[in-house]
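Here the structure comes first, spelled out in structure tokens, and everything after it is commentary.
The values are calculated or read from the model by the stated rules, or taken from the named source; none is laboratory data. Predicted model, so just to flag it, every value in this text is computed and none were measured. Positions of Cβ are backbone-derived with ideal geometry, glycine not excepted, and every protein chain shown enters the neighbour counts. For accessibility, only protein heavy atoms count, side chains too; no ligands or nucleic acids. Shrake-Rupley method; radii C 1.70, N 1.55, O 1.52, S 1.80 Å.
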Amino acid sequence: CGVLMHPTSLPSKYGIGDLGKGAYEFINFLVKAKQHLWQILPLNPVGYGASPYQSSSAFAGNPMLISLGKLVGEGLLMVNEVKPPTYLNKDKVDFEAVWEFKESRLKIAFNRVKSDIEFENFCKKHVCWLEDYALFSALKEHFSGEEWNAWPLPVRKRLPKELEKYKKLLGREISYHKFLQFVFFKQWASIKFYAKQHGVQIIGDMPIFIAHDSADVWANQHLFALDEEGKPEKVAGVPPDYFSETGQLWGNPHYHWEEMAKDDYTWWRNRFKIILELVDIIRVDHFRGFEAYWQVDGNAKTAIDGKWVKGPGRKFFITLEKYFGKLPIIAEDLGIITDDVIDLKDEFALPGMKVLHFELLPDEEGKIGFICEQNCIVYTGTHDNMTSEQWYEEQHPNLKIALRRFFHNRDYKERNFHDLLNHFALNCEADICIIPMQDVLGLKAVGRMNTPSTIGSPNWEWKLKNFKVVQADLKKIGEWVKESER
């Protein structure tokens with residue numbers, strides 16, 4: 001069992017959780033609560049609306065997570081240089097304010113760094129993505145933040161002479177972005193090692209689709225469904241669902257799967273290789289898209305008028321196993337799931353997900369029941385759900401009565417709904433149980449991490465002020481873990 005808590009939500013004096021003291025403290029708390037898993041959201045740079053699912057890179061780490069304190073320890077920054085301004089002392093993450101301060105400090109650190117063999121080895125090891133990412137990031141700044149398909153044609157088309165020109169012109173800026181990635185990967189490796197020492201595995205998150213305005217699409221245009229101008233011809237989303245009556249229009253360009261198959265999915269294999277450096281288990285977001293994906297016209301305003309198109313299916317996973325063997329994957333199989341999706345998941349024995357907010361609903365007779373297979377992960381909720389207390393508050397009185405009766409029949413004596421749900425989750429048949437930190441704490445609407453189909457505040461902004469409020473709840477969770485023999 002474990003806890004879902006993204007690093008941006010960790011306590012920190014810099015306005016955002018980072019890879020410093022708070023991350024190590026959190027691992028210590030997990031251990032005290034008898035938790036062996038820490039689940040996070042994508043670690044990539046945040047994109048449009050501060051979303052980690054719309055990143056400028058499928059490989060890079062988020063520089064906002066870099067610990068300035070650790071750079072002080074390395075002599076790259078002075079104590080007086082990292083004193084946080086008062087405007088960062090907010091209850092939620094202010095991404096713009098955080099980056100304005102942090103980047104000014106990171107540039108100071110970069111100007112003091114001397115190239116060494118460790119940095120050079122990192123650049124060689126990550127050459128499959130780092131060169132393009134660093135150049136893309138430098139060019140994006142050079143062209144005032146414009147999307148890459150609005151850049152001058154020779155740069156947009158990646159003509160070799162033009163790229164060489166900009167590599168010389170922006171050499172210093174390119175080195176800076178490589179430095180940020182070197183620091184991020186180094187700091188995260190330390191956290192992962194600490195977690196391993198304490199018996200904690202990290203569950204990472206791999207979004208299936210890539211943001212159009214990213215280094216990956218710019219550098220691999222032949223692998224994506226783009227028109228002559230570099231705009232997405234076909235984009236991703238889902239049809240009308242629980243979260244939206246008009247569906248969810250994500251806007252990510254679709255893949256040219258046939259082209260990707262020609263080299264045994266090299267881009268995907270590189271992606272799995274890099275994320276396995278960072279995490280122990282990979283939650284593959286929107287797994288059903290590998291069997292069939294919802295395709296929408298690139299000019300559409302909503303996701304309603306789309307169609308299902310067959311994905312790479314079993315061929316993709318057979319190829320991955322040829323190179324990696326059995327991969328530690330969790331299949332996010334929520335939403336509209338068909339027998340074909342279930343068959344694909346089961347063929348490779350991949351555990352799926354059960355979210356109690358979706359599962360604990362009454363049948364025609366008003367009764368609630370829940371049975372799950374052992375090979376799955378049960379969640380009270382995910383980053384896209386309301387917190388459990390908020391969800392309960394908004395239910396019809398009849399459902400509340402049915403839920404209370406359901407838990408009473410299992411002899412759970414807890415008074416708060418989130419405690420009842422957490423207790424039940426830990427005692428169910430699933431191999432793994434994950435509880436979001438917001439549900440550990442019993443937070444209401446103020447703790448919601450993301451509302452699908454909406455952009456901007458307050459999405460992704462929730463953070464924990466300190467660990468003092470956590471201790472009693474984690475102790476209680478620890479007792480239930482012992483009781484459940486999980």
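Could you tell me whether region 237-248 includes any residue that is in a helix (DSSP H, G or I), open to solvent by 10 Å² or more (accessible area, probe 1.4 Å) and of a type in the set (G, A, S)? Walk me through how you get there before you give the answer.
Within region 237-248, the first condition is being in a helix (DSSP H, G or I), and the residues that meet it are none.
Looking through region 237-248, none of the residues is in a helix (DSSP H, G or I), open to solvent by 10 Å² or more (accessible area, probe 1.4 Å) and of a type in the set (G, A, S).
I'd like the residue in region 405-438 that is part of a helix (DSSP H, G or I) and out of contact with any helix residue (DSSP H, G or I) (no Cβ under 8 Å at 6 or more places or on another chain) and, out of all such residues, is surrounded by the fewest Cβ atoms within 10 Å (Cβ to Cβ).
First, the residues of region 405-438 that are part of a helix (DSSP H, G or I): 405-408, 417-427, 437-438.
After this cut, where a residue has to be out of contact with any helix residue (DSSP H, G or I) (no Cβ under 8 Å at 6 or more places or on another chain) as well, the list is 405-406, 408.
Numbers: R405: 13, F406: 18, H408: 11.
In this case the residue turns out to be H408.
Report every pair of residues separated by at least 6 positions or lying on different chains whose Cβ atoms are under 9 Å apart, first residue within region 325-347 and under 23 Å from D280 (Cβ atoms), second among the β-branched types (V, I, T) and open to solvent by 50 Å² or more (accessible area, probe 1.4 Å).
That search, which allows pairs on different chains as well, returns D333/I342; K345/I337.
So E364 ticks every box in (1) touching a residue at least 24 places away in the same chain (Cβ under 8 Å); (2) open to solvent by 70 Å² or more (accessible area, probe 1.4 Å); (3) more than 20 Å from P239 (Cα to Cα); (4) assigned to a loop (DSSP other than H, G, I, E, B) but one. Which box is left unticked?
In the conditions (1) touching a residue at least 24 places away in the same chain (Cβ under 8 Å); (2) open to solvent by 70 Å² or more (accessible area, probe 1.4 Å); (3) more than 20 Å from P239 (Cα to Cα); (4) assigned to a loop (DSSP other than H, G, I, E, B), E364 misses (1) alone.
Suppose we filter region 439-474 for residues that are open to solvent by 20 Å² or more (accessible area, probe 1.4 Å), more than 23 Å from S244 (Cβ to Cβ), touching a Phe, Trp or Tyr at 6+ places or on another chain (Cβ under 9 Å) and outside any loop (DSSP other than H, G, I, E, B); how many remain?
Count: 1.
Which condition does R271 not pass, out of (1) surrounded by fewer than 20 Cβ atoms within 10 Å (Cβ to Cβ); (2) touching a helix residue (DSSP H, G or I) at 6+ places or on another chain (Cβ under 6 Å); (3) closer than 18 Å to G47 by Cβ, if it passes all the others?
Exception for R271: condition (2).
Take region 299-323 and flag every residue that is open to solvent by less than 30 Å² (accessible area, probe 1.4 Å) and in contact with a strand residue (DSSP E or B) (Cβ under 7 Å, 6 or more places away or on another chain).
So in region 299-323, the residues open to solvent by less than 30 Å² (accessible area, probe 1.4 Å) come out as 303, 306, 311-313, 316-317, 319-320.
Those that are open to solvent by less than 30 Å² (accessible area, probe 1.4 Å) and in contact with a strand residue (DSSP E or B) (Cβ under 7 Å, 6 or more places away or on another chain): A303, G306, G311.
At least 2 residues that are of a type outside the set (V, I, T) and under 25 Å from A472 (Cα atoms) in each: list the helices (runs of 4 or more DSSP H) lying fully within region 1-114 that qualify.
Working: elements: 21-32, 68-73, 95-112.
So the answer is 21-32.
Applying the selection to region 180-201, what residues are more than 25 Å from S104 (Cβ to Cβ) and of a type in the set (A, V, I, L, M, F, W, C)? Reasoning before the result, please.
First, pick out the residues of region 180-201 that are more than 25 Å from S104 (Cβ to Cβ): 189, 192-201.
Matches in region 180-201: A189, F193, A195, V200.
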